[in-house]
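Reviewing the structure listed below.
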Amino acid sequence: MPRIPEDKIDEVRASANIVHYIQQFVNLKKAGQNFKGLCPFHSEKTPSFVVSPEKQLFKCFGCGKGGNVFTFIKEYEKVPFIEAVQKAAEFAGIALPKDDGPSENTGYFQQLYAINETACSFFEQNLWNGQYKRYLQYFIDRNLSEETIKKFRLGFAPDSYEKLLPLLKSAGHDLEEAANLGLINRSEKSQGWFDKFRFRVIFPFHNTAGRIIGFGGRKLREEQQPKYLNSPESPIYKKGEILYGLHQAIQSVRENGFLYIVEGYFDLLRLVEAGINNVAAVSGTAFTENQARLIRRYTKNVYIAFDGDSAGRKASVRAAQIIEKEGLSAFIVRLPDDEDPDTFILNFSTAAFEEIRKKNLSPLEFQIDAFFQENKNPPLEEKESFIENVLNQLAELPNQVKTGLYLHQLSDRLQINESLLVDQLNRFKRFRLKNKTKEEATASPKIKTHSGMYKAEAGILGLLLNGKSEIRNTILGEIGIDSFTNPNFIRLFEYLIQEYEETGGLNPGRLLDRFSEDEEMVKTITELSIAEYGDEAKFAKDCVFQLKRFQLEKRNTELAQLIKQEAASDDAVLHYQRSLMETKKQLNELTKQHRSQAF
Ligand SMILES: [Zn+2]
C-alpha cells in the first residue's frame, strides 16, 4: 500500500514525538513516566487518556482508543494512513519523496477522492461552460453570487444517463468504485452503467482537508424523487461525521472564535453571501455527537441557528444538549416562528441576525422561553415536570460552573428556591451514577470469565512485543500457536512468528502500521505494548506456566467427556483413560517444575 519506503516511515515514526504532537490538541500533564489528559475521542471529566513518551504510544483507558502517532492523526484528523504519515513527517520536519501526480495509483483512498474529483469538476464546469450554462440561473435566482457558487463548487448534473460515465471511463477510473461512491449504477436489464445524479443541482461535500467525499443533489422537477439525493456511505464518507461547509469555514471560525450551525445548504450559503463565513450546516441528519467532536477541534462556542418553527426549536434543544454534553458551549439564535436563516436575512438584514446572536441565549433560557410561550399560565404539575426534565439534562453537564449558572437562571425565571433545585439536581446525579456503575458492572465482556487465560495470553504477547530479547527467545521456544484461544491474539501471534522468522527481530512500531486499517487489532496491540510487567523473567515464567496448564486442563476435560461418550466401547475407554492419566502426570510435573525452577 504505502509508496513511502518503509524505512522512511520508521524514521518519521521515530522522529515525530507523540507527546509533542498530541499536546497541540490536548492539554497533557506529567503523571509519573507518562502524560495524562482528557481524552479527545470521548467526553470525560477525569483524565484517562495516557501518552507514553518512552513507548511513543497513546491509550485511553476510558474508551479504549490507542495506538502510535500515526493512529492518533488518522483518528483525530480523520485522514487515511498515508496522509497521517505525511502530516507526522511535516511535524517532524522530514522531507518525503515527492508525489508523482494524480495519474499514479496512490492507494485506495486517493483513488476514491480522484473519482469524486472527476465528478465534482464535471458538475461544476456545467454551470460555467457549454450547453448547461443556463442552470447557473437557478443559484442566481436564489440571490447567490458567482463568488459564493465557486467557493462551494456548486454544480449541475444534466438530465442524461450517460454524461458523467464516459468521463469516468476516459479518466481510467474503476467503475465498481464509482458505483460504490454512488455516482453510477448498473442497469439490471442491460447490465450497462448509467449516471445516478440526473437533472439536479449539486452540492459537493468536502472533508476538513478539502477533499471531495460525497455529493448532495437537489431535484429540479417537481415529480423527481427523492427531493435530495445524497451519496451513500463509503470508506471516505460517513453520515453524521461531517458538517457541510466546515472546510470553507475553518479560517473564519479561528478568527471569530465561534461557529454557527444551520440546518440546510441554503441557510449556509445565505450567511456566507452576507459575509458570515464561520458557518457549517447539519444538512439532512439530526445533529450527532461525532459532529460535536469535530467542532471541538476548531472552537468551543457554537451558535445554533435552526428554523424558527416548532420542529426547528426542538432540533435546536437537542443539538444544544449534545454540544454541551461534549463540554462545548451552545447558544441559540432564536428566529421568528416562520423564518429560517436564509429567509430571515433576506427579509430583514444581516445586522438584525447578528443582533439576535449577540443575545447569547443559553439553551436553558431558550427552553424556559419556549415553555412559557406554549403554556401561558402553567399549572403546578406542568411546571414540575418541566423542571424535572431540565434538571435531568443538567445532571449530564460536565461543566460545574455552567450548571450553577443554569440553576440560577432556572430559579429566577420559575420563581423557585435555588437550594431546592440544588437538592433535586444532586438526587438526579446520584441516581445516574448508581445506574452507570450498574451498567458498567454488567457490561463487562466475556473475557472476564476466562480472565486468567486472557491475562496469560496477553502477557506472553506483551513480552514478545516489549520484552528483552533473551526473554522473547525463551518464550518462542516454549509456546506455540495452539497455546492461544483469543482470536485477535492468535492472529497477532501468527504475524509475530512470521516476522520473527523472516527478519530475526520484531518491530512493534511497524506492527501497528501493518494493522492500521483494523481498529480492533490496533487497540489490542496498543494495550499489550503499553502495559508494564515489572520483573519480566518472573512474569514470563508465570504466563508460560499458565498457558501450558490451561492447555493440559482443557485436554483433561475433553478426555473425560470422550470417556463418557464412548462408554459402550471398552477399547476406546481404555485408550482415553491412558491418555487422561498421561496428561494428569504432565500437569503434575508442570506444577512441580514451576515451583522449583527459575525461567
Ligand atoms: Zn477515550
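The values are calculated or read from the model by the stated rules, or taken from the named source; none is laboratory data. The structure displayed is predicted, hence computed values, not measured ones. So basically every Cβ, Gly included, is an ideal-geometry build from the backbone, and we count neighbours across all protein chains shown. What goes into the accessible areas is simple: the full protein's heavy atoms, side chains included, and nothing from ligands, DNA or RNA. Shrake-Rupley method; radii C 1.70, N 1.55, O 1.52, S 1.80 Å.
Observations on the structure shown:
- Hits in segment 34-58 (condition: more than 10 Å from the ligand (Cβ to nearest atom), open to solvent by 30 Å² or more (accessible area, probe 1.4 Å) and touching a helix residue (DSSP H, G or I) at 6+ places or on another chain (Cβ under 7 Å)): Phe35, Pro53, Lys55, Gln56
- Restricting segment 458-470 to residues that are at pLDDT below 85 and either under 23 Å from Leu512 (Cβ atoms) or assigned to a loop (DSSP other than H, G, I, E, B) (or both), the residue that is least open to solvent (accessible area, probe 1.4 Å) is Gly467.
- Helices (runs of 4 or more DSSP H) fully within segment 130-249 that include at least 1 residues being modelled with pLDDT of 95 or more and loosely packed, with under 15 Cβ neighbours inside 10 Å: 136-141, 146-151, 164-170.
- Enumeration of residues in segment 477-513 that are more than 19 Å from Met453 (Cβ to Cβ), open to solvent by less than 50 Å² (accessible area, probe 1.4 Å) and within 26 Å of the chain's Cα centre (by Cα): Pro508, Gly509, Leu511, Leu512, Asp513
- The condition (being open to solvent by less than 50 Å² (accessible area, probe 1.4 Å) and more than 16 Å from the ligand (Cβ to nearest atom)) is satisfied by just one residue among Ala16, Ala95: Ala16.
- Checked against the criterion of being farther than 16 Å from Asp342 by Cβ and open to solvent by 10 Å² or more (accessible area, probe 1.4 Å), segment 261-271 has no qualifying residue.
- For the residues Glu520, Glu478, the requirement of being within 28 Å of Gly62 (Cα to Cα), charged (D, E, K, R) and in contact with a helix residue (DSSP H, G or I) (Cβ under 7 Å, 6 or more places away or on another chain) singles out Glu520.
- Arg413 being of a type outside the set (S, T, N, Q), within 30 Å of Ala311 (Cβ to Cβ), open to solvent by 60 Å² or more (accessible area, probe 1.4 Å) and modelled with pLDDT under 80: no
- Scanning segment 19-28 for residues that are farther than 16 Å from Glu75 by Cβ and within 16 Å of the ligand (Cβ to nearest atom) yields Asn27, Leu28.
- Qualifying positions in segment 356-410 - modelled with pLDDT under 90, open to solvent by 30 Å² or more (accessible area, probe 1.4 Å) and closer than 30 Å to Val272 by Cα: Asp369
- Looking across segment 420-457 at every residue that is in contact with a Phe, Trp or Tyr (Cβ under 9 Å, 6 or more places away or on another chain) and open to solvent by less than 100 Å² (accessible area, probe 1.4 Å), the one that is modelled with the lowest pLDDT is identified as Ile447.
- Within the set Phe353, Phe344, Phe306, Phe331, the sole residue that is closer than 28 Å to Ser43 by Cβ, of a type in the set (Phe, Trp, Tyr) and open to solvent by less than 20 Å² (accessible area, probe 1.4 Å) turns out to be Phe306.
- Only residues that are touching a residue at least 60 places away in the same chain (Cβ under 8 Å) and near the ligand (Cβ under 10 Å from one of its atoms) were counted in segment 59-73, giving 4.
- Screening Thr46, Thr118 for residues that are more than 30 Å from Val401 (Cα to Cα) and of a type in the set (Val, Ile, Thr) leaves exactly one candidate, Thr118.
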